[in-house]
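Since the structure comes first, as structure tokens, the remarks are kept for the end.
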Amino acid sequence: MLQVWRNFMKPVSERRRDATPAQRLGLSARCWTIGDLLGRRRFVSRVGLPARIMRYYRREIETRQLPVNCGHTLRYAF
């Protein structure tokens, strides 16, 4: 959600409040609202995620600060 907020909801300049990065790249015609973001459920199988982000979604990334990283085999997640 942080990536969506930074690219589609937060203006490039806090002072001018002109456009979001997504608007400047032509990915969106307007600044998104919370309703746009949470209005309908997005499924990973329909939207698709980059491989790097998918590893976080599947909880495959190990945390360095934890002495033991316990894995969990998800049965009903997706």
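Things to note:
- Any pair with Cβ under 7 angstrom, 6 or more apart, that starts in region 56-73 at a residue that is polar (S, T, N, Q) and ends at one that is at pLDDT 75 or above: Asn69/Glu62; Asn69/Thr63
- When residues in region 7-41 are screened for being surrounded by 11 or more Cβ atoms within 10 Å (Cβ to Cβ) and under 19 Å from Tyr57 (Cα atoms), 1 of them pass.
The values are calculated or read from the model by the stated rules, or taken from the named source; none is laboratory data. Keep in mind the model is a prediction, meaning the values are calculated, not measured. Positions of Cβ are backbone-derived with ideal geometry, glycine not excepted, and every protein chain shown enters the neighbour counts.
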